[in-house]
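Have a look at the structure below, then the notes.
The values are calculated or read from the model by the stated rules, or taken from the named source; none is laboratory data. The shown structure was predicted, so the numbers you read here are calculated from the model rather than taken from an experiment. Neighbour counts run over all protein chains shown; Cβ positions are idealised from the backbone, glycine included. Areas reflect the complete protein model, heavy atoms only, side chains present, ligands, DNA and RNA absent. Shrake-Rupley method; radii C 1.70, N 1.55, O 1.52, S 1.80 Å.
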Amino acid sequence: MAVGALCLMNSFRGVRSASRLQITWLCEHTRSHSITSGIPGVKERTLVAVKPDGVQRRLIGQIIKRFEQRGFRLVGLKMLQASEELLAQHYSSLHRKPFYPSLLRYMTSGPVVAMVWEGHNVVKSTRMLLGNTNPAEASPGTIRGDFSIHISRNIVHASDSTEVAQKEISLWFQRSELIDWECCDHGNIYHP
Ligand code: IDP
Ligand code: MG
């Protein structure tokens, strides 16, 4: 066999064994630091809600896609017509704002899709995925920066701190509506 071909085969084997090693490490690492233990903050959760304008403009799928693509885990999902009572609690810190009555009208104008997403640093990362509250200030590439133009119709809600996230999740979801689940590719695909 030509020397060149031998070298090529050896380097190919090298690449294969290196990637196998990496895959084995990844697999072990993922297992020992799985969703239920290990990486600090991996169980962090946040509330995200597609607001009535997002639902009516058929943006639910595109919004979910961004969270899945980023690698977060969906642990709760439901569509509901939010009541004034729920929203009054949800937006209790804003009830003195001049826009509060119109905010409640907007949020009750149609169904909302509420979700709980989980993962490392999910609260902060989600706020970055959403972009500035005012879409005019939101960067292109963010949800608000790509799909909206006015602060009164900004498509999507997300908790702004881990403490607020815990309160909002328990306000919008029963414990039984949230599901812990493991990823099927941890072992089945990379660990024959
Ligand atoms: P956030 O949704 O980015 O956390 P907040 O300040 O908590 O922003 O405000 C909650 C929601 O109230 C906003 O998403 C937006 O729908 C609405 N809002 C905030 N400021 C204004 C305003 O100046 N005019 C109209 N609506 C506003
Ligand atoms: Mg807020």
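Could you please tell me which pairs satisfy a Cβ distance under 7 Å, a separation of 6+ or placement on different chains, a first residue in the range 65-85 that is more than 14 Å from GLY54 (Cα to Cα) and touching a residue at least 60 places away in the same chain (Cβ under 8 Å), and a second residue that is of a type in the set (Phe, Trp, Tyr) and crowded, with 19+ Cβ neighbours inside 10 Å?
Filtered contacts from the range 65-85: PHE67/TRP117; ARG73/TRP117; GLY76/PHE173.
State all residues of the range 87-128 that are of a type in the set (S, T, N, Q) and part of a helix (DSSP H, G or I); if no residue qualifies, say none. Break it down stepwise before answering.
Taking the range 87-128 and keeping what is of a type in the set (S, T, N, Q), we get 89, 92-93, 102, 108-109, 121, 125-126.
Residues satisfying the conditions are GLN89, SER92, SER93, SER102, SER125, THR126.
Is the range 142-158 home to any residue that is more than 13 Å from ligand 1 (Cβ to nearest atom), open to solvent by 90 Å² or more (accessible area, probe 1.4 Å) and either touching an Asp or Glu at 6+ places or on another chain (Cβ under 7 Å) or within 20 Å of VAL42 (Cβ to Cβ) (or both)?
Scanning the range 142-158, I find no residue that is more than 13 Å from ligand 1 (Cβ to nearest atom), open to solvent by 90 Å² or more (accessible area, probe 1.4 Å) and either touching an Asp or Glu at 6+ places or on another chain (Cβ under 7 Å) or within 20 Å of VAL42 (Cβ to Cβ) (or both), so the answer is no.
If I ask for residues that are in contact with a strand residue (DSSP E or B) (Cβ under 8 Å, 6 or more places away or on another chain) and surrounded by fewer than 16 Cβ atoms within 10 Å (Cβ to Cβ), which ones from the range 75-110 would you list?
Within the range 75-110, LYS78, MET79, LEU80, GLN81 qualify.
Has the range 130-146 got at least one residue that is assigned to a strand (DSSP E or B) and either within 16 Å of ligand 2 (Cβ to nearest atom) or modelled with pLDDT under 95 (or both)? Give the derivation first.
Residues of the range 130-146 that are assigned to a strand (DSSP E or B), as a first pass: 140, 142.
Those still in the list that are either within 16 Å of ligand 2 (Cβ to nearest atom) or modelled with pLDDT under 95 (or both) too: 142.
Yes, the conditions are met somewhere in the range 130-146.
Mind counting the residues in the range 67-83 that are within 20 Å of VAL112 (Cβ to Cβ) and among the basic types (Lys, Arg)?
In the first step, residues of the range 67-83 are kept if they are within 20 Å of VAL112 (Cβ to Cβ); the result is 67-68, 72, 74-83.
Restricting the remaining residues to those that are among the basic types (Lys, Arg) gives 78.
Summing the residues that are within 20 Å of VAL112 (Cβ to Cβ) and among the basic types (Lys, Arg) in the range 67-83 gives 1.
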